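Engineer: Following this message is one structure expressed as structure tokens.
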Amino acid sequence: TAFSVDWVNSLPQGLEIIQCGFNKLTTLPGEIARFVQLQEFFAAGNQISAWPPALCNLAALTELEINGNEL
């Protein structure tokens, strides 16, 4: 399962928290990087095997939970 890019693009621009843990996700779209105010990202317990380089630019991110994946 993958995050739908259309779904990500439909979310409000000022999003500060994304909680998508335990959803059998295998990939994350780089489009998540558009949430420049994102402070917390929870994606534990999925099947994610690669971290999109664009997400390394989330300067406001203070809490990241990605344990239990295939990284």
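Engineer: Nothing charged except the Cβ atoms of Lys and Arg (+1) and of Asp and Glu (-1): what's the magnitude of the dipole of the chain about its Cα centre? Round to the nearest 20 debye.
Structural biologist: I would put it at about 120 debye.
Engineer: How many nm separate the modelled label positions at Gln47 and Leu15, each set 7 Å beyond the Cα in the direction of the Cβ?
Structural biologist: 2.2 nm
Engineer: Right, here's the next one. With a probe of 1.4 Å, find how much accessible area the chain has per residue, and write the answer as a whole number in Å².
Structural biologist: 59 Å²
Engineer: When the helices in the chain are scored as -39500 (n - 2.57) per DSSP H run of 4 or longer and the sum is shared across all residues, what 222 nm value do you end up with, to the nearest 500 deg cm²/dmol?
Structural biologist: After summing the helix terms and dividing by the residues of the chain, the value is -1500 deg cm²/dmol.
Engineer: In the chain, carbon and sulfur make up what percent of the accessible area (probe 1.4 Å)?
Structural biologist: Of the solvent-accessible surface of the chain, carbon and sulfur hold 53 percent.
Engineer: Shifting gears a bit: Filter the chymotrypsin sites (Phe, Trp or Tyr not before Pro) in the stretch 1-65 to those in DSSP coil with at most 13 other Cβ atoms within 10 Å of their Cβ, and list the result.
Structural biologist: Filter output for the stretch 1-65: Phe22.
Engineer: How long is the gain from Leu64 to Phe22 if the chain were fully straight, where each residue apart is worth 0.36 nm and the alpha carbon distance is subtracted?
Structural biologist: Taking Leu64 through Phe22 to full extension adds about 13.7 nm, to one decimal.
Engineer: Can you list the residues, at least 5 places off or on another chain, whose amide H is less than 5 Å from the amide H of Ile48, using H built in the peptide plane?
Structural biologist: Glu70
Engineer: Taking R0 as 30 Å, what FRET efficiency do you get between Leu71 and Val36 from their Cβ-Cβ distance, rounded to the nearest 0.05?
Structural biologist: That gives a FRET efficiency of 0.85.
Engineer: Going by accessible area, probe 1.4 Å, with all protein chains left in place, what is the ranking of Cys20, Cys56, largest first?
Structural biologist: Highest to lowest solvent-accessible surface, that is Cys56, Cys20.
Engineer: Reported to two decimal places, what Rg/Rh ratio describes the chain when computed on Cα atoms with Rh from the Kirkwood expression?
Structural biologist: 0.92
The values are calculated or read from the model by the stated rules, or taken from the named source; none is laboratory data. Because the structure is predicted, anything quoted here is derived from the model rather than measured. With ideal geometry, Cβ positions are generated from the backbone for all residues, glycine too; neighbour counts draw on all protein chains shown. We work out accessible area using only protein heavy atoms, side chains counted, and drop any ligands, DNA or RNA first. Shrake-Rupley method; radii C 1.70, N 1.55, O 1.52, S 1.80 Å.
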